[in-house]
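**Q** Before I ask anything, here is the structure I am working with.
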Amino acid sequence: MHFTPKRLLGATAAVSIGAVALLGAGAGAAGAAGRAYCDRAERPVWSGDPSRNMTGHGCSMPDNGRRWYTVEVDTLVEAHHKTEYLNGPVDRTETLHDRTIRCMGYTTSGDTVNWFGCVPH
């Protein structure tokens, strides 16, 4: 087998492209490590401002402890309350799709995830 400069260059390029593809896939997985995903979530809105708490359902959680979590929500339902009381009347309900919300932490109870310290969007 004769190695010509053209063949060596082609083999080097193939190895380089493969290494870049593998590194890119690893970087994407590392970036997604702090992300959570929820199928559906509810968050009350008081006097025009969203609550700092959110209740998620069908969530996949990251397996590492972090200070801040990025939560991707498929369907976010926001109930706009007329008063500052939880049992008060609801003025309207707004359904938002494909939202990303940052929260400080969470607690779980069965299939329900209670997110707290969420930054309004």
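**Q** Take the conditions in contact with an Asp or Glu (Cβ under 7 Å, 6 or more places away or on another chain), within 18 Å of Ile101 (Cα to Cα) and either at pLDDT 75 or above or surrounded by 10 or more Cβ atoms within 10 Å (Cβ to Cβ) (or both) and apply them to Arg40. Does it pass?
**A** Here the answer is yes, as Arg40 does meet what is asked.
**Q** Now a separate question. Cβ-Cβ distance below 6 Å, separation of 6 or more or different chains: which pairs start in the stretch 37-50 with a residue that is of a type in the set (Lys, Arg) and end on one that is part of a strand (DSSP E or B) and modelled with pLDDT under 90?
**A** Arg43/Pro50
**Q** A follow-up question, please. Among the residues of the stretch 101-121, which ones are over 17 Å from Asp74 (Cα atoms) and either of a type in the set (S, T, N, Q) or out of contact with any Gly (no Cβ under 9 Å at 6 or more places or on another chain) (or both)?
**A** Thr107, Thr108, Ser109, Gly110, Val119
**Q** Determine whether Gly88 is over 17 Å from Gly117 (Cα atoms) and either in contact with a Pro (Cβ under 9 Å, 6 or more places away or on another chain) or at pLDDT below 90 (or both).
**A** Judged against the criteria, Gly88 is a match.
**Q** Does the stretch 2-23 contain at least one residue that is among the hydrophobic types (A, V, I, L, M, F, W, C) and modelled with pLDDT of 90 or more?
**A** Checked the stretch 2-23: no residue is among the hydrophobic types (A, V, I, L, M, F, W, C) and modelled with pLDDT of 90 or more.
**Q** Name the single residue, out of those in the stretch 51-105 being among the aromatic types (Phe, Trp, Tyr) and without any contact (Cβ under 8 Å) to a residue 40 or more places away in the chain, that is surrounded by the most Cβ atoms within 10 Å (Cβ to Cβ).
**A** Once the filter is applied, the top-ranked residue is Trp68.
The values are calculated or read from the model by the stated rules, or taken from the named source; none is laboratory data. A quick note: this is a predicted structure, and the numbers were derived from the prediction, not measured. Note that we place each Cβ from the backbone using ideal geometry, even for glycine, and neighbour counts take in every protein chain shown.
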